[in-house]
Amino acid sequence: MSETSIPTEQQQQQLGFHAVLGPAVLEIDQAILSVQKSQANLGKEIERLVAELELFTDIAEPPKLQPCLEKLFDAKNRLSLTNKLLARTNERVERIQNELKQIQK
């Protein structure tokens, strides 16, 4: 007597969730990596501009540059916060991927 393996309803639901969520999670993960790379490049450019503008802070008219420096520092801080948020989001995506892999087993 041979037994055929018929997936249970729960297993079918899990496979369905994996089929739907798996590609979306991978796409989100790739987008997060792309954004992180872009933000790293932006961070380097901001650092370069800050260093360049700081050279001019000692000249006769620093008040004109001070608002620009403040905006750059603000942008740098926001970029840092965004990178932290993306890192947390990426960790969550990885946890979801791991859970999907465990469900698939």
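Values quoted throughout were computed directly from the atomic coordinates according to the rules given, and no laboratory measurement underlies them. All figures in this text were calculated on a predicted structure; none of them were measured in a lab. All Cβ positions, even for glycine, are placed from backbone atoms using ideal geometry, and neighbour counts span all protein chains on display.
Odds and ends about this structure:
- Nearest-20 debye value, the chain charge dipole, Cβ charges on Lys, Arg, Asp, Glu: 100
- Tilt relative to the chain, helix 9-54 - C-alpha long axis, 0 to 90 degrees, to 10: 10
- Two-site FRET efficiency, Glu91 against Gln11, from Cβ-Cβ distance with R₀ of 35 Å, rounded to 0.05: 0.80
- Largest first, the three principal axis extents of the alpha carbons in the chain are 94, 16, 15 Å in whole numbers.
- Dipole of the chain, positive direction: furthest Cα of Leu86, Val25, Leu42, with charges on the beta-carbon: Val25
- Added length on full extension, which subtracts the Cα-Cα distance from 0.36 nm per residue, Arg48 to Phe73: 7.8 nm
- In nm, spacing of pseudo-spin labels at Lys101 and Leu65 (7 Å Cα→C-beta vector): 5.0
- When you restrict to C-alpha pairs under 8 Å that are six or more residues apart and normalise by the size of the range 4-105, the relative contact order lands at 46 percent.
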